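Let me begin by presenting the structure, written as structure tokens, before commenting on it.
Each reported figure results from applying straightforward, stated rules to the coordinates on display, with no laboratory input. Here the structure is a predicted model, which means the values were calculated and not measured. When we count neighbours, we look across all protein chains shown, and the Cβ atoms used for this are built from the backbone with ideal geometry, even at glycine.
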């Protein structure tokens, strides 16, 4: 695939991921009052399946940057947390799927991505969240298991299920429209 074409397709996936992130912010559902479901990682995984692992990193960076500039109130810390979360979730499935393009690889990658993202976000929330929430680390430590663990498992699990349900129809449509080869 030509570089210009690939960049244009990555831009399309980035725009859709950003719109999904905006929609996630509009949902009235908040977990523990401040955590909200963000479906952008669905599109980042689909882009990774279609375009490869490097696309997941690039799209995660671009979408998180645009989020920071236009819809987030958490600044650079939110940007960092978004990039870490998205890359942890989307990169592993993209890597496994690139190696072996089959349903089983995608499922295994998504399961590992859910686990790695959840563990990494527990770690990063423990170290970083006290700075931007301006609360003691001990308070965050008490929130890890009852708040951050279920939130991240639910978020990544929901995103993984959505990817499984919509990847093939989207892939077929993009191939039919000659957007993907």
In segment 54-65, what count of residues is obtained for those that are over 13 Å from the mean Cα position of the chain (by Cα) and either in contact (Cβ under 8 Å) with a residue 12 or more places away in the chain or crowded, with 24+ Cβ neighbours inside 10 Å (or both)?
1
Touching a helix residue (DSSP H, G or I) at 6+ places or on another chain (Cβ under 7 Å), within 19 Å of residue 64 (Cα to Cα), without any contact (Cβ under 8 Å) to a residue 12 or more places away in the chain and in a helix (DSSP H, G or I): does that describe residue 156?
no
Assuming residue 130 fulfils every condition listed in (1) in contact with a helix residue (DSSP H, G or I) (Cβ under 6 Å, 6 or more places away or on another chain); (2) more than 18 Å from residue 35 (Cα to Cα) apart from one, which condition is it?
(2)
Residue satisfying all of: in segment 69-92; in contact (Cβ under 8 Å) with a residue 40 or more places away in the chain and surrounded by fewer than 18 Cβ atoms within 10 Å (Cβ to Cβ); nearest to residue 26 (Cα to Cα) among these
71
Can you tell which of 165, 110, 123, 95 is out of contact with any strand residue (DSSP E or B) (no Cβ under 7 Å at 6 or more places or on another chain), surrounded by fewer than 16 Cβ atoms within 10 Å (Cβ to Cβ) and within 19 Å of residue 84 (Cα to Cα)?
123
